[in-house]
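The structure under discussion appears below in the form of structure tokens.
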Amino acid sequence: MDPRSRIEELAEFCYRRVSDQKLKYALLVQSEAVRAMGDFLRSRGFVEILPVILSPVTDPLRHATGRAEVEYYGQRYQLTRSMIFHKQIAVLGHERIFSFSPNVRLEPVELADTGRHLVEFTQLDLEVRGATREDVMALGEELLVYTLSWVQEQCAEALAVFGRKLRIPSRPFRRVSYRDAYDRYGTNYEVILSQESEEPLWIVDMAVEAREFYDREDPERPGTLVDMDLIYPEGFGEALSGGEREYTPERILARMERAGLDPEDYRLYLEIARRGLYPSAGFGIGVERLTRFLCGLRRIEDGVLFPKVPGTLSL
């Protein structure tokens, strides 16, 4: 297709999309969900911090994701893939912090078919100084139940447009160990468990080789991480991911080298860690995936005003 025709086609698509009635209601649900999450956290003593867009260090991620980099006056910056390092550092000042953080991940085009991946998305990122995994799992359950209840009450008309009736889950949520899930279902365990479940569930105790170096390895169970993923029911997949953090420079460096990463790429983070970090725990929950779940949407981009689908030109 001629590049000019392609741009004209995209412009026409965007022009029509912004007035789509279903999208209008999905954005209303999203707005109320963001309001509910922020209000919930503030009521529990959290301080909201502004997001970081550019940084010399960002989440390495284990899966194949391209780096979005810029050079400015001889300094190389990356677009944030998650605020994991920044929020761990932020709890030096405030005990409880959160941020609605834009993330850019140049995902491979194959992930366009999942209906769950975007190149650009927003994540509610939070961290708690001195917290354990149990603390933030309880917090995550409370947060989700509160948000579902709020949206159910405030967005009845919008939910009716999608024929969506929300189920408020009972607590505590069911837990499944990573190894049990992997042994039973293989690499597709998350998808299968989500499809089989009618309420949210936790996947806990990931294998050390399955996650990033900053997730804390259990000193009493070498090879097992003190972390978790929350899985939506009804086939909607991962809701949030998090856990306890490595915080001593020796452990951070050992895990980094074990993962085959060059410590020089994380020199700034390591220098801060040498000055002292607190033990902490936290998680991130994707706003667009939450919107998809709340509205019962087939694909994640159906609830995003300007979606960046892998491999697709977008506004």
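The values are calculated or read from the model by the stated rules, or taken from the named source; none is laboratory data. Just so it is clear, the model here is predicted, and its values are computed rather than measured. All Cβ positions, glycine included, derive from the backbone under ideal geometry; neighbour counts span all protein chains shown. The area values use the complete protein model at the heavy-atom level, side chains included, leaving out ligands, DNA and RNA. Shrake-Rupley method; radii C 1.70, N 1.55, O 1.52, S 1.80 Å.
Structure values in brief
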| read-out | value |
| --- | --- |
| Inter-label distance, nm, simple model (7 Å from Cα along the C-beta direction), Leu10/Arg116 | 2.8 nm |
| Radius of gyration, Dmax [the chain; alpha carbons; angstrom] | 19.8, 61 |
| Rounded to 5, percent antiparallel among DSSP beta bridges of region 114-267 | 75 percent |
| Once the Cα gyration tensor of region 45-120 is diagonalised, semi-axes √(5λ) in Å | 25, 18, 10 |
| Summed side-chain charge close to Glu134 - residues other than Glu134 whose Cβ falls under 14 Å, Lys, Arg +1, Asp, Glu -1 | -3 |
| Mean Cβ count within 10 Å, highest first, over the residues of peptides 106-117, 293-304 | 293-304, 106-117 |
| Compactness of region 173-312 as Cα Rg over 2.2 N^0.38 Å, two decimals | 1.21 |
| Dipole magnitude of region 29-121, debye to nearest 20 (Cβ charges: Lys/Arg +1, Asp/Glu -1, about Cα centre) | 280 debye |
| Rg and Dmax [Cα atoms of region 1-137; Å; Rg one decimal, Dmax integer] | 18.5, 57 |
| Count of lysine pairs in the chain with Cα separation under 24 Å (8 or more residues apart, or interchain) | 4 |
| Which of Pro51, Thr65, Gln30, positive extreme of dipole for region 30-70 (C-beta unit charges) | Thr65 |
| Under the Debye formula (equal points on every Cα, no solvent term), log10 I(q)/I(0) of region 55-99 at q = 0.14, 0.22 Å⁻¹ | -0.43, -0.81 |
| Long-range HN-HN contacts of Ser177 with modeled amide H, under 5 Å | Val204 |
| Whole-Å semi-axes of region 94-140's equivalent ellipsoid (Cα gyration tensor) | 29, 13, 8 |
| Ratio Rg/Rh, restricted to region 1-44 and using Cα atoms, in which Rh is the Kirkwood radius | 1.34 |
| Ordering of 265-273, 91-99, 77-85 by packing [mean C-beta count within 10 Å, highest first] | 77-85, 91-99, 265-273 |
| Using θ = phi - 60° and Karplus 6.51 cos²θ - 1.76 cosθ + 1.60, couplings along region 112-120 (whole Hz; Gly, Pro as x) | 4, 7, 6, x, 10, 10, 10, 6, 10 |
| Overall Cα dimensions of region 200-272 - principal axes, largest extent first, Å | 43, 26, 20 |
| Derived scalar couplings ³J(HN,Hα) [region 188-204; Karplus, 6.51 cos²θ - 1.76 cosθ + 1.60; whole Hz; x for Gly, Pro] | 8, 4, 4, 5, 5, 4, 5, 5, 7, 9, 9, 9, x, 9, 9, 9, 10 |
| Estimated inter-spin distance, Leu315 and Arg17, nm [label 7 Å along Cα→Cβ] | 0.8 nm |
| Packing rank of 247-253, 138-144, where each peptide gets the mean count of other beta carbons within 10 Å, highest leading | 138-144, 247-253 |
| Accessible surface, per residue, of region 172-315 when the full set of protein chains is kept, probe 1.4 Å, Å² | 44 Å² |
| Rounded D (µm²/s) - region 231-303, Kirkwood Rh over Cα pairs, Stokes-Einstein at 25 °C, 0.890 mPa s | 164 µm²/s |
| Top positive-direction residue, dipole computed over the chain with Cβ charges, set Pro200, Gln21, Pro233 | Gln21 |
| Cβ charges +1 (Lys, Arg) and -1 (Asp, Glu), total dipole of the chain, debye | 500 debye |
| Descending semi-axes in whole angstrom, ellipsoid equivalent of region 59-214, from the Cα gyration tensor | 28, 21, 20 |
| For region 272-277, Karplus couplings with θ = phi - 60° (6.51, -1.76, 1.60), whole Hz, Gly/Pro x | 5, 4, 5, 7, x, 10 |
